[in-house]
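A quick write-up on the structure given underneath.
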Amino acid sequence: MRTTAPAGATGHDRRRTLRLATVLAAAAILGLGIGAAHANDRVGTIRSVGPDGRTFTLDDGNIYHLQTNAPQSAMDIVRQMKAGQKVRVTYEANASAAYVSDVQPAD
């Protein structure tokens, strides 16, 4: 696909080509962002719960942080969690942390 206007193009053609290039660049950036925000599910055993009641460590060694907009039921479960309990965690991970959107007891 050609993203530069030909030498004899009018101003209208150049603007149209520039808009097309801008839209394609934005679509590429958004496509990368969608992949990075993928939600994950994990079932694991709690190793420890942080003193703040919003963080906990699972048997995979990762520290999970409860999101501020997590449902009240998830906040209640985290406050009652104890080491050795199995939970199902829904989270989004980035380079520095795993942010939990939901926690449920697991069988």
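Quick rundown of the values:
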{"quantity": "Of residues in the range 54-107 being among the polar types (S, T, N, Q) and touching a residue at least 40 places away in the same chain (Cβ under 8 Å), the one nearest to ARG42 (Cα to Cα)", "calculated": "THR90"}
{"quantity": "Every residue from the range 86-102 that is over 13 Å from ALA39 (Cβ atoms) and open to solvent by less than 60 Å² (accessible area, probe 1.4 Å)", "calculated": "VAL87, ALA97"}
{"quantity": "Some residue of the range 56-73 being open to solvent by less than 70 Å² (accessible area, probe 1.4 Å) and over 24 Å from ASP107 (Cβ atoms)", "calculated": "yes"}
{"quantity": "Positions within the range 64-85 being of a type in the set (A, V, I, L, M) and over 15 Å from the mean Cα position of the chain (by Cα), in sequence order", "calculated": "ALA74, MET75, ILE77, VAL78, MET81, ALA83"}
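The values are calculated or read from the model by the stated rules, or taken from the named source; none is laboratory data. Source: prediction; values computed, not measured. Counting neighbours? That spans all protein chains shown, and the Cβs are built from the backbone with ideal geometry, glycine included. Note: areas computed on protein heavy atoms with side chains; ligands, DNA, RNA excluded. Shrake-Rupley method; radii C 1.70, N 1.55, O 1.52, S 1.80 Å.
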